[in-house]
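Presented below is the structure to which this report refers.
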Amino acid sequence: VIEIGTPDRSIITTCAYCGVGCSFEAQMRGDELVRMVPWKHGKANRGHSCVKGRFAYGYAAHSDRILKPMIRDSINDPWQEVSWDEALGFAARRFRDIQAKHGRDSIGGITSSRCTNEETYLVQKLIRSVFGTNNVDTCARVCHSPTGYGLGQAFGTSAGTQDFDSVEHTDVVILIGANPTDGHPVFASRLKKRLRQGARLIVIDPRRIDLVKSPHVRAAHHLPLKPGTNVAVVSALAHVIVTEGLFDEAFIRRRCDWDEFQDYAAFISEPRHAPEATAMLTGVPAAELRAAARLFATGGNGAIYYGLGVTEHSQGSTTVMAIANLAMLTGNIGRPGVGVNPLRGQNNVQGACDMGSFPHELPGYRHVAGAEVREVFEQLWGTPISPEPGLRIPNMLDAAVDGSFRGIYIQGEDILQSDPDTHHVSAGLAAMDCVVVHDLFLNETANYAHVFLPGSTFLEKDGTFTNAERRINRVRKVMAPRNGLADWEVTMALANAMGAGWTYTHPAQIMDEVAMTTPSFAGVSYERLEELGSVQWPCNAAHPEGTPVMHVDGFVRGKGRFIVTEYVATDERTGPRFPLLLTTGRILSQYNVGAQTRRTSNVVWHDQDVLEIHPHDAESRGVKEGDWVRLASRAGETTLRAHLTDRVSPGVVYTTFHHPGTQANVITTDHSDWATNCPEYKVTAVQVAPSNGP
Ligand code: SF4
């Protein structure tokens, strides 16, 4: 889609890229989308946007889109276009046949953080109530599942504590493992504005991101830690705050479990956590660590923002809990300007988690073992729900290779590109009898599919997305689905082909069901969203206007919980064969594996991924600017062009992963977070050598 002519109407909807959740006016002329204009009344963006939401919507009209359902008996057969009824009947029969032979738990499904809340709710309902299993997981497994676990343990719920407006009241920001100028640009603009007004910034990142030093903004401290040492760095900050008596005792006595705090204080005061003891390990000078800790503890309202540089580690959940400790230590919870704020990657990763996408949790983060919670859904759905958690994505693939898991419904997720250990993913998919891929494009995972169900874009459906500040924004249909059915209709049709008898006629009815079953959404309805524009959950009788700041008078779990966070080094070690550490990130114009942005004009701003390497490391390998290099790890290898820069320290290399040719997941290992299996994408031991090209 290119800008054409004068619009005759506009419809307010929500960007489908990052977790900022910007509101846009989709300006239409007839059935054509003329342009996307950032909406000045959007509460998350206030008229601002970035180049993705503003320009990168052309994929909706791209010729690569598959618009007709397709089936095939075996993955070696050619695809055959069929009617919706035939495709859904084919999938339903295969799923039922598998279950007849191998039991209910032999199939499952994956929800998408790109789809709406209503679509996600329906997929988990399909799996729990029609498949009859808790084998449901989500693409959040590979990004923010440690946020879910860590914040749930510390505070009692798995969500950022603040709204974006909160940044206007902050005095000191710790930014750890996030690069918002590229990943969350509209939030980055608000942060920069606050920094220009005098707020201080502490950046904890192996790479010198733009916010460390740009024309108008300079961080007070940049702690360029060695990848994989987040816990040691955050513990060193906490050590200084505790041993120098800079903690907020009144807050801790009032709001937290004092006995647990004392255990934690004894642990963190041990000399092994001192900056001087950890400087060699982390690569961060002790004086910088001490100065940063003192600034955060004494500088006024302190807020912590973080991204995948925290979660995608073998200690991702531990780091999230260490961050929560730091916020509670300094009394920085429960008012504007403070808090713990995960910068969620995908447009609806918060919502996908809220809607019960994890195998152990029903909507609203309630464990399936809870009989009272199960009963709510069992009564409404008229079917029993297992009290046993189902399989996570990596366990589904393991079970597939073993032969006990044989069918999967994957909505809006290309696990072959996005999940770790590509060889294992393909082996798992190849071993299944029924792989149903529901997507816009014939993605890599579809190479192993027996049924392809065409997906619809955000422009073609009604629903809601929930952004990183828990804000539920309306997504409005601006054009008819080019494939004939919106994604929620496809899921309902599959459920009905398996005998469900669902009768939803509009996503508003699905949200009504969410409100009926999920206390934190009890006050949410499309009428309420029309009235308020958007609303932040919890929204219920106690908070009819929603909740911008959480944990104001008490934590969701009651008392805040200090958790001992022991640093454990990753098993991914450098050595003579693989002496460098690779870490990864994003660039402004592109999005994740690029399935959408590469099919738009944004591709002109970034047509290939490159490897950032420090000039010293490049020189010692005979590598010059622009040379092809071979990047090899214990898992695999790929080829990229080199870019020499001192943004990375000696010993560290960095790349983006927006182009399939980069094959970053061929390089990354199968190490994962101990609590959630989130892959350790941010630390891979590699070697770099000159190459003649791919
Ligand atoms: Fe806003 Fe994120 Fe979309 Fe950019 S990608 S317009 S920051 S929601």
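The values are calculated or read from the model by the stated rules, or taken from the named source; none is laboratory data. What you are looking at is a predicted structure, and each value in this text was computed from that prediction instead of being measured. Reconstructed Cβ throughout: ideal geometry from the backbone, glycine too, with neighbour counts over all protein chains shown.
Assorted remarks:
- Residue among Gly334, Gly356 that alone is farther than 19 Å from Cys678 by Cα, part of a loop (DSSP other than H, G, I, E, B) and away from the ligand (no atom under 16 Å from the Cβ): Gly334
- Enumeration of residues in the stretch 12-30 that are within 18 Å of Ala480 (Cα to Cα) and more than 8 Å from the ligand (Cβ to nearest atom): Ile12, Thr13, Glu25, Ala26, Gln27, Met28, Arg29, Gly30
- Residues of the stretch 445-478 classified as under 20 Å from the mean Cα position of the chain (by Cα) and either of a type in the set (Asp, Glu) or within 30 Å of Phe187 (Cα to Cα) (or both), total: 15
- Residue within the stretch 138-151 that is assigned to a helix (DSSP H, G or I) and surrounded by fewer than 23 Cβ atoms within 10 Å (Cβ to Cβ) present: no
Condition check ((1) more than 23 Å from Gln162 (Cα to Cα); (2) in a loop (DSSP other than H, G, I, E, B); (3) among the charged types (D, E, K, R)) across all residues:
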{"site": "Thr181", "(1), (2), (3)": "no, no, no"}
{"site": "Ser189", "(1), (2), (3)": "no, no, no"}
{"site": "Leu211", "(1), (2), (3)": "no, no, no"}
{"site": "His222", "(1), (2), (3)": "yes, no, no"}
{"site": "Val233", "(1), (2), (3)": "yes, no, no"}
{"site": "Gly245", "(1), (2), (3)": "yes, yes, no"}
{"site": "Phe251", "(1), (2), (3)": "no, no, no"}
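- Some residue of the stretch 123-130 being within 20 Å of Val514 (Cα to Cα) and within 16 Å of the ligand (Cβ to nearest atom): no
- Contact map, the stretch 31-53: residues that are away from the ligand (no atom under 13 Å from the Cβ) paired with residues that are acidic (Asp, Glu), Cβ distance under 8 Å, separation 6+ or inter-chain. Pairs shown: Val34/Glu3; Arg35/Glu3.
- Applying the criterion of at least 1 residues that are under 30 Å from Gln536 (Cα atoms) to the strands (runs of 3 or more DSSP E) found wholly in the stretch 386-470 leaves 407-411, 434-439, 463-466.
- Verdict on Glu86 being assigned by TED's automatic domain parsing to the domain that holds Tyr448, more than 16 Å from the ligand (Cβ to nearest atom), of a type outside the set (Phe, Trp, Tyr) and surrounded by fewer than 19 Cβ atoms within 10 Å (Cβ to Cβ): yes
- Of all residues in the stretch 61-75 being assigned to a strand (DSSP E or B) and modelled with pLDDT of 95 or more, the one that is farthest from the ligand (Cβ to nearest atom): Ile71
- Set Arg96, Arg114, Arg104, Arg9: member being within 16 Å of the ligand (Cβ to nearest atom) and basic (Lys, Arg): Arg114
- Tally of residues being within 13 Å of the ligand (Cβ to nearest atom), surrounded by fewer than 20 Cβ atoms within 10 Å (Cβ to Cβ) and small (Gly, Ala, Ser) across the stretch 178-220: 1
The rows are residues; the columns are (1) in a loop (DSSP other than H, G, I, E, B); (2) modelled with pLDDT under 95.
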| position | (1), (2) |
| --- | --- |
| Arg54 | no, yes |
| Tyr59 | no, yes |
| Asp77 | yes, no |
| Asp85 | no, no |
| Leu88 | no, no |
| Phe95 | no, no |
